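Note sheet for the following structure.
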Amino acid sequence: QVQLEQSGGGSVQAGGSLRLSCAASGLHHNRYSMGWFRQAPGKEREAVKEREGLVTIDYRGATDYADSVKGRFTISRDFDKDTIYLEMDNLKPDDTAMYYCGADPGLEAFALRILGPGPHGHWGQGTQVTVST
């Protein structure tokens with residue numbers, strides 16, 4: 001059974017930095033794409049598909065970033081540990097959201113960021129990031 005275990009996050013003032021981690025277990029093969037998504041406050045009940053794709057990385061290390069986070073957020077991946085990280089710098093109040101890790105066994109990085117994990121994909125449990133002024 002595939003599981004994505006998230007850690008990190010919390011509260012920080014604008015301009016600060018935070019780091020998120022997502023450790024995968026039970027992956028069926030080594031060609032999963034993984035990435036980070038977020039859901040804005042007050043939209044927790046909206047469909048999962050409404051989550052904003054921020055940045056993804058595929059099994060070859062290719063990445064895809066949303067314009068909203070390009071230059072501020074950095075994704076990395078430890079293939080030996082099946083873990084991805086999100087380094088978030090220069091955080092803004094608009095970055096306040098619930099952040100989710102996602103993984104999919106068949107999508108490329110760009111497709112995963114735009115579409116989110118498909119029927120055979122998986123989500124982490126979510127972690128709150130709060131940026132204050």
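Any read-out appearing in this document is the output of simple, stated calculations on the displayed coordinates, not a laboratory observation. Here the structure is a predicted model, which is why all the values come from computation and not from measurement. Heads up, the Cβs are rebuilt from the backbone with ideal geometry, glycines too, and the neighbour counts pull from every protein chain shown.
Things worth noting here:
- In order along the range 59-65, phi translates into HN-Hα couplings of 5, 9, x, 6, 10, 9, 10 Hz, rounded to whole numbers, per the Karplus curve 6.51 cos²θ - 1.76 cosθ + 1.60 with θ = phi - 60° and x for Gly and Pro.
- Here the Karplus relation 6.51 cos²θ - 1.76 cosθ + 1.60, evaluated at θ = phi - 60°, turns the backbone of the range 120-129 into coupling constants of 9, x, 8, 10, x, 7, x, 8, 7, 10 Hz, with x for every Gly and Pro.
- Against the compact-protein benchmark of 2.2 N^0.38 Å, the Cα-based radius of gyration of the chain scales to 0.96.
- Summing charges over neighbours of Phe79, with a neighbour being any other residue whose Cβ is under 13 Å away from its Cβ, gives 0 when K and R count +1 and D and E count -1.
- Amide H to amide H, with H built 1.01 Å from N, Phe73 comes under 5 Å of Asp89, counting only residues 5 or more places away or on other chains.
- The chain - percent relative contact order, Cα under 8 Å, separation 6 or more: 36 percent
- Sequentially through the range 95-105, phi angles give Karplus couplings (6.51, -1.76, 1.60; θ = phi - 60°) of 7, 4, 5, 8, 9, 10, 8, x, 9, 9, x Hz, Gly and Pro residues having no value and appearing as x.
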